[in-house]
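Enquirer: Here it is, the structure in full.
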Amino acid sequence: MPANGPDTVDAVVREALAAYEDLQATAEAVDDEWMYIQDLTAAHRARLEAIAAEDGDARIDVAVGVAVTAACAEIRRITDPHRAIDWLSTFPSIVAVALGREP
């Protein structure tokens, strides 16, 4: 990955999915929501993977890579499991919009 951040759609999605996995792990502390978390993250993971499969080699603007890297850093700061659950549906939309897709 370049010093400025990811420079292709695939690199952005890989970085986002790694951060998303950490967010999911934080959310899983809420036992009563475990199945919901699994279903939600599977759907959003598939959505991001589909974007990478379709446009993976496409180059992105440096600002997009920097923005997604910053968003990844922000969600990794979340320590409250309930707040993590809230972000499980928000974060993938941020990544999709950054990549020029619908939220």
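The values are calculated or read from the model by the stated rules, or taken from the named source; none is laboratory data. Small disclaimer: the values here were computed from a predicted structure and weren't measured. Don't worry about glycine lacking a Cβ; one is built from the backbone with ideal geometry, like all the others, and counts go over all protein chains shown.
Enquirer: If Ala50 satisfies every condition in (1) out of contact with any Ser or Thr (no Cβ under 6 Å at 6 or more places or on another chain); (2) crowded, with 19+ Cβ neighbours inside 10 Å but one, which is the exception?
Expert: So Ala50 meets the others, but not (2).
Enquirer: Now, a different point. Looking at (1) modelled with pLDDT of 95 or more; (2) more than 17 Å from Thr90 (Cα to Cα), can you tell me which one Val62 breaks?
Expert: (1)
Enquirer: Among the residues of region 65-77, are any exposed (fewer than 12 other Cβ atoms within 10 Å of the Cβ) and in contact with a strand residue (DSSP E or B) (Cβ under 7 Å, 6 or more places away or on another chain)?
Expert: Taking every residue of region 65-77 in turn, none turns out to be exposed (fewer than 12 other Cβ atoms within 10 Å of the Cβ) and in contact with a strand residue (DSSP E or B) (Cβ under 7 Å, 6 or more places away or on another chain).
Enquirer: Let me ask something else about it. What helices (runs of 4 or more DSSP H), lying completely within the chain, carry at least 3 residues that are out of contact with any helix residue (DSSP H, G or I) (no Cβ under 7 Å at 6 or more places or on another chain) and aliphatic (A, V, I, L, M)?
Expert: On the way: elements: 9-27, 34-55, 62-76, 81-98.
Per the criteria, 9-27, 34-55, 62-76.
Enquirer: For residues that are modelled with pLDDT of 95 or more and more than 17 Å from the chain's Cα centre (by Cα), tally how many sit in region 1-30.
Expert: Filtering region 1-30 down to residues modelled with pLDDT of 95 or more leaves 8-30.
From the residues that got through so far, the ones that are more than 17 Å from the chain's Cα centre (by Cα) too are 29-30.
Total satisfying the criteria: 2.
Enquirer: Six or more apart or on different chains, Cβ atoms under 8 Å: show the pairs whose first residue is in region 88-103 and surrounded by 18 or more Cβ atoms within 10 Å (Cβ to Cβ) and whose second is of a type in the set (S, T, N, Q).
Expert: Within 8 Å, the pairs are Leu88/Gln24; Leu88/Thr41.
Enquirer: Let me ask something else. For region 44-55, which residues satisfy the criterion of being closer than 13 Å to Ser89 by Cβ and either more than 12 Å from the chain's Cα centre (by Cα) or among the basic types (Lys, Arg) (or both)? Walk me through it before giving the result.
Expert: Pass one, region 44-55, residues closer than 13 Å to Ser89 by Cβ: 44-45, 47-48.
Answer for region 44-55, where residues must be closer than 13 Å to Ser89 by Cβ and either more than 12 Å from the chain's Cα centre (by Cα) or among the basic types (Lys, Arg) (or both): Arg45, Arg47.
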